[in-house]
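Participant: Okay, handing you the structure first.
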Amino acid sequence: MEMKKNHTEEDVYILAIESSCDETAAAVVKNGREVLSNVISSQIALHTLYGGVVPEIASRKHIEKINQVIEAALLEAGMSLKDMDAIGVTYGPGLVGALLVGVAEAKALAYGAKKPLVGVHHIEGHISANFIEHPDLLPPFLCLIVSGGHTHLVIVKDYGEFEILGRTRDDAAGEAFDKVARAVGLGYPGGPKIDKAAKEGNPNAIKFPRAKVDGNIYDFSFSGLKSAVLNHINHANMMGEEIHVPDLTASFQNAVVDVLVSHTIEAAKEHGFQKIAIAGGVASNSALREEMKKACNKAGFTFYYPSPIYCTDNAAMIGAAAYYEYINGARAGLDLNAIPNLKLGER
Amino acid sequence: MNILGIESSSLVASVAIVTDQVLTAEYTVNFKKTHSQTLLPMLDEIVTMTGFELETIDAIAVSAGPGSFTGLRIGSATGKGLGLALDKPMISIPTVDAMAYNLYGCAAIVCPIMDARRDQVYTGIYENKDGFSIRKEACAMDINDLILELNQMGDTVIFLGDGVPVYKKQIEESMTVPFSFAPAHVNRQRAASVAALGSLYYEEGKLVTAAEHAPDYLRKPQAEREREEQEAKGNVHNS
């Protein structure tokens with residue numbers, strides 16, 4: 001990718017495309033912060049039948065919906081492809097077959113319409129979701145990204161420049177939510193279902209372990225917690241005891257949130273950050289928002305979080321990230337490929 | 001009339017432009033490199049080399065399946081993206097139809113076979129002698145059943161496709177009618193055939209919008225097949 005600084009006096013409109021998992025999404029974003037449209041075609045209902053995302057089914061749905069979603073995003077923004085300055089697309093990480101649909105589509109769109117193309121890292125998108133509703137949020141800041149596939153604690157040094165402080169050693173936080181939800185019969189997707197069930201429960205009813213990880217103190221581990229919850233359920237089943245789902249889910253959620261919040265606050269203190277942001281699907285979890293807000297207030301930090309619509313996979317966040325990549329001169333070639341295990345900050 | 005042909009249903013990546021019954025350019029590569037990295041640079045190469053104005057295409061013909069699920073989607077998404085950007089319609093060409101069209105005019109029956117694994121092939125049976133006609137539409141079937149059916153038809157057969165090296169022994173052992181294998185220049189997918197057949201379909205009005213176009217896999221996803229089998233057994237899971 002060649003680097004050249006673009007002039008920023010004029011408005012920049014980006015058409016963004018996201019298809020890394022089970023949402024087909026397109027958005028038009030102005031100057032990286034103003035969302036003119038944000039269209040999401042969700043496949044959740046389809047994958048619910050299987051208790052999780054089936055990659056081949058997701059890919060098939062993407063190709064069926066992608067043009068309609070893009071057309072709807074342009075229509076809602078009241079603009080045409082000609083009005084766009086660039087096209088941004090998620091090229092990793094994610095499900096390779098799903099990513100490839102968006103990447104191939106975006107490349108052909110850019111080529112046909114003679115527009116520059118910008119490849120976007122999905123996690124950079126999640127982080128950038130915070131820029132949409134917080135005009136005052138500028139790097140550097142500390143960001144916790146939690147979703148079904150990712151758990152990262154990251155220093156956002158500048159736009160597109162990151163230092164990863166901690167990551168999960170095993171399951172992603174959202175993955176643990178899904179597995180526990182399945183075990184107690186709440187079904188898929190686990191995050192919102194546990195959030196709801198836990199509201200009626202006592203978060204201190206059952207003492208689940210808070211995992212300590214050897215080596216990096218900011219790394220996470222959720223597989224031990226997940227096993228503890230499953231053991232608890234098995235034990236109760238063996239003893240013929242009924243499981244109190246609200247208490248169990250509230251206690252599990254409390255253990256996850258506790259670790260997420262304490263790691264984030266400790267890291268902010270150690271590295272001297274006053275601004276803390278959260279992002280990703282699990283960032284819409286009400287307990288995480290509440291506990292992080294409390295902890296930030298107590299420590300005197302400013303807490304930023306996106307609306308739920310920008311926490312879930314969406315293309316507006318990709319447009320926000322693509323804008324900063326674009327003005328920094330990043331351009332993808334016609335040979336841009338989907339990279340399922342793309343590292344944050346890698347280009 | 002300008003028809004752009006796109007083919008990425010198997011290992012072959014191929015793009016072609018057919019203008020008024022003449023092949024202007026074709027770029028075909030049969031090599032282990034992902035179509036995502038090759039297809040669009042190849043199109044750019046022929047467009048640049050011929051000074052072709054993309055805006056002048058009348059339709060985009062895509063080899064729409066059967067074939068590799070991911071390969072089909074890359075070709076399909078490439079066509080859909082171009083169709084949306086250029087506001088052009090698309091033509092969905094069954095992959096095996098286009099392969100059979102490689103051998104237009106030959107006296108024998110044409111039988112493309114694509115390896116679909118587990119003794120299965122994606123195939124179709126075509127008669128090319130007087131024009132182009134379909135005896136058996138694109139389908140997935142057992143190679144042995146296909147051989148049986150061809151033997152029953154009693155006509156000379158030409159095989160082509162990446163299924164040939166895989167099932168050559170079975171074909172040689174079990175075919176009772178005369179048969180041969182197509183030579184190198186016509187025995188794999190070619191975007192020229194997709195575009196040429198596309199020209200024909202264009203005139204017949206067999207067009208779809210870029211939004212409507214999607215691959216025709218001829219096979220359900222494995223998870224869906226397994227779920228249906230479970231349901232048929234009465235084990236319905238709704239978790």
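Participant: I'd like to check something: does the stretch B:190-199 contain any residue that is without any contact (Cβ under 8 Å) to a residue 60 or more places away in the chain, farther than 30 Å from residue A:24 by Cβ and hydrophobic (A, V, I, L, M, F, W, C)?
Facilitator: Residues of the stretch B:190-199 that are without any contact (Cβ under 8 Å) to a residue 60 or more places away in the chain, as a first pass: none.
No, the stretch B:190-199 has no match at all.
Participant: May I ask you to list pairs of residues, at least six apart or on different chains, whose Cβ atoms are under 7 Å apart, with the first in the stretch A:75-96 being touching a residue at least 24 places away in the same chain (Cβ under 8 Å) and the second being of a type in the set (Phe, Trp, Tyr)?
Facilitator: Going by the 7 Å Cβ cut-off, the qualifying pairs are A:79/A:13; A:83/A:13; A:84/A:13; A:85/A:13; A:86/A:326.
Participant: For residues in the stretch B:195-213 being within 14 Å of chain A (Cβ to nearest Cβ) and not small (Gly, Ala, Ser), which is farthest from residue B:61 (Cα to Cα)?
Facilitator: Here is the first cut: in the stretch B:195-213, the ones within 14 Å of chain A (Cβ to nearest Cβ) are B:208-213.
Restricting the remaining residues to those that are not small (Gly, Ala, Ser) gives B:208-209, B:212-213.
Working: B:208: 10, B:209: 11, B:212: 13, B:213: 10 Å.
Ranking the candidates gives B:212 first.
Participant: Look through A:333, A:281, A:329, A:319 and report the one residue that is of a type outside the set (Phe, Trp, Tyr) and at positive phi. I'd like the intermediate steps shown before the answer.
Facilitator: Working: A:333 fails: at positive phi; A:281 fails: at positive phi; A:319 fails: at positive phi.
A:329 is the lone residue from the list that is of a type outside the set (Phe, Trp, Tyr) and at positive phi.
Participant: Kindly establish whether residue A:317 is away from every other protein chain (no Cβ under 14 Å), farther than 22 Å from residue A:88 by Cβ and touching a Phe, Trp or Tyr at 6+ places or on another chain (Cβ under 7 Å).
Facilitator: On the way: away from every other protein chain (no Cβ under 14 Å): yes; farther than 22 Å from residue A:88 by Cβ: no; touching a Phe, Trp or Tyr at 6+ places or on another chain (Cβ under 7 Å): yes.
Answer is no for this residue.
Participant: Hey, can you tell me all the residues within the stretch B:73-121 that are more than 27 Å from residue A:66 (Cα to Cα) and among the hydroxyl-bearing types (Ser, Thr, Tyr)?
Facilitator: Those that are more than 27 Å from residue A:66 (Cα to Cα) and among the hydroxyl-bearing types (Ser, Thr, Tyr): B:101, B:104.
Participant: Does the stretch B:33-67 hold any residues that are buried (at least 19 other Cβ atoms within 10 Å of the Cβ) and not hydrophobic (A, V, I, L, M, F, W, C), and which are they?
Facilitator: Those that are buried (at least 19 other Cβ atoms within 10 Å of the Cβ) and not hydrophobic (A, V, I, L, M, F, W, C): B:35, B:36, B:38, B:63, B:65, B:66, B:67.
Participant: Further, regarding this structure: If I filter the stretch B:200-211 for residues that are small (Gly, Ala, Ser), in contact with a helix residue (DSSP H, G or I) (Cβ under 6 Å, 6 or more places away or on another chain), in a loop (DSSP other than H, G, I, E, B) and buried (at least 18 other Cβ atoms within 10 Å of the Cβ), do I get at least one hit?
Facilitator: Of the residues in the stretch B:200-211, the ones small (Gly, Ala, Ser) are B:205, B:210-211.
Subset that is in contact with a helix residue (DSSP H, G or I) (Cβ under 6 Å, 6 or more places away or on another chain): B:210-211.
When the remaining residues are screened for being in a loop (DSSP other than H, G, I, E, B), the result is B:210-211.
Pick out the ones that are also buried (at least 18 other Cβ atoms within 10 Å of the Cβ) and you get B:210-211.
Within the stretch B:200-211, one or more residues are small (Gly, Ala, Ser), in contact with a helix residue (DSSP H, G or I) (Cβ under 6 Å, 6 or more places away or on another chain), in a loop (DSSP other than H, G, I, E, B) and buried (at least 18 other Cβ atoms within 10 Å of the Cβ).
Participant: Can you pull out the residues in the stretch A:321-338 that are within 14 Å of chain B (Cβ to nearest Cβ) and either closer than 18 Å to residue A:127 by Cα or in contact with a Pro (Cβ under 7 Å, 6 or more places away or on another chain) (or both)?
Facilitator: So in the stretch A:321-338, the residues within 14 Å of chain B (Cβ to nearest Cβ) come out as A:332-338.
Selection gives A:334, A:335.
Participant: Evaluate the following for residue B:88: is it over 16 Å from residue B:177 (Cα atoms) and either buried (at least 24 other Cβ atoms within 10 Å of the Cβ) or outside the structural domain of residue B:213 (by TED's automatic domain parsing) (or both)? Explain how you work it out, then say what you get.
Facilitator: Details: over 16 Å from residue B:177 (Cα atoms): yes; either buried (at least 24 other Cβ atoms within 10 Å of the Cβ) or outside the structural domain of residue B:213 (by TED's automatic domain parsing) (or both): no.
Considered against the rule, which asks whether it is over 16 Å from residue B:177 (Cα atoms) and either buried (at least 24 other Cβ atoms within 10 Å of the Cβ) or outside the structural domain of residue B:213 (by TED's automatic domain parsing) (or both), residue B:88 comes out as no.
Participant: Is it true that some residue in the stretch B:179-186 is in contact (Cβ under 8 Å) with a residue 40 or more places away in the chain, under 15 Å from the mean Cα position of the chain (by Cα) and either surrounded by fewer than 17 Cβ atoms within 10 Å (Cβ to Cβ) or on the phi < 0 side of the Ramachandran plot (or both)?
Facilitator: yes
Participant: Hey, does the stretch A:76-84 have a residue that's crowded, with 24+ Cβ neighbours inside 10 Å, of a type in the set (A, V, I, L, M, F, W, C), at pLDDT 95 or above and in contact with a helix residue (DSSP H, G or I) (Cβ under 8 Å, 6 or more places away or on another chain)? I'd like the intermediate steps shown before the answer.
Facilitator: Step one: list which residues in the stretch A:76-84 are crowded, with 24+ Cβ neighbours inside 10 Å, which gives none.
Scanning the stretch A:76-84 turns up no residue that is crowded, with 24+ Cβ neighbours inside 10 Å, of a type in the set (A, V, I, L, M, F, W, C), at pLDDT 95 or above and in contact with a helix residue (DSSP H, G or I) (Cβ under 8 Å, 6 or more places away or on another chain).
Participant: Can you tell me which of A:212, A:226, A:275 is loosely packed, with under 14 Cβ neighbours inside 10 Å, charged (D, E, K, R) and closer than 30 Å to residue A:121 by Cα? It would help to see each step written out before you state the result.
Facilitator: Details: A:226 fails: loosely packed, with under 14 Cβ neighbours inside 10 Å; A:275 fails: loosely packed, with under 14 Cβ neighbours inside 10 Å.
From the options A:212, A:226, A:275, the qualifying one is A:212.
Participant: Tell me, which helices (runs of 4 or more DSSP H) lie completely within the stretch A:231-347 with 1 or more residues that are farther than 17 Å from residue A:18 by Cα, in contact (Cβ under 8 Å) with a residue 40 or more places away in the chain and among the acidic types (Asp, Glu)? Walk me through it before giving the result.
Facilitator: Values: elements: A:245-271, A:286-299, A:308-311, A:316-327.
Helices (runs of 4 or more DSSP H) meeting the threshold: A:245-271.
Participant: Please note which helices (runs of 4 or more DSSP H) are completely contained in the stretch B:32-114 and include at least 1 residues that are within 14 Å of chain A (Cβ to nearest Cβ) and farther than 21 Å from residue B:165 by Cβ. Let's see the steps before the verdict.
Facilitator: Values: elements: B:35-50, B:69-86, B:95-101.
Of the helices (runs of 4 or more DSSP H) lying wholly inside the stretch B:32-114, those with at least 1 residues that are within 14 Å of chain A (Cβ to nearest Cβ) and farther than 21 Å from residue B:165 by Cβ span B:35-50, B:69-86.
Participant: If you don't mind, another one. In the stretch A:112-160, how many are aromatic (Phe, Trp, Tyr) and more than 13 Å from residue A:304 (Cβ to Cβ)?
Facilitator: The initial filter retains those residues of the stretch A:112-160 that are aromatic (Phe, Trp, Tyr), namely A:131, A:141, A:159.
When the remaining residues are screened for being more than 13 Å from residue A:304 (Cβ to Cβ), the result is A:159.
Residues flagged as aromatic (Phe, Trp, Tyr) and more than 13 Å from residue A:304 (Cβ to Cβ) within the stretch A:112-160 amount to 1.
Participant: Looking only at the stretch B:182-210, count how many residues are farther than 22 Å from residue B:17 by Cα and either of a type in the set (Ser, Thr, Tyr) or out of contact with any Leu (no Cβ under 7 Å at 6 or more places or on another chain) (or both). Please lay out each step first, then the result.
Facilitator: Pass one, the stretch B:182-210, residues farther than 22 Å from residue B:17 by Cα: B:182-183.
Then keep just the ones that are either of a type in the set (Ser, Thr, Tyr) or out of contact with any Leu (no Cβ under 7 Å at 6 or more places or on another chain) (or both); that gives B:183.
Matching residues across the stretch B:182-210 total 1.
Participant: Please tell me if residue A:317 is among the hydrophobic types (A, V, I, L, M, F, W, C) and assigned by TED's automatic domain parsing to the domain that holds residue A:204. If you could, list the steps in order and put the result at the bottom.
Facilitator: On the way: among the hydrophobic types (A, V, I, L, M, F, W, C): yes; assigned by TED's automatic domain parsing to the domain that holds residue A:204: no.
No: the conditions fail for residue A:317.
Participant: Would you check which residues across the stretch B:26-70 are β-branched (Val, Ile, Thr) and more than 16 Å from residue A:105 (Cα to Cα) and list them?
Facilitator: Correct list: B:28, B:29, B:46, B:47, B:48, B:50, B:56, B:57.
Participant: If I go through the stretch B:214-234 residue by residue, how many of them are more than 8 Å from chain A (Cβ to nearest Cβ), closer than 23 Å to residue B:114 by Cβ and assigned to a loop (DSSP other than H, G, I, E, B)?
Facilitator: Here the count works out to 4.
The values are calculated or read from the model by the stated rules, or taken from the named source; none is laboratory data. Every value quoted in this text rests on a predicted model; they were computed, and no experiment measured them. All Cβ positions, even for glycine, are placed from backbone atoms using ideal geometry, and neighbour counts span all protein chains on display.
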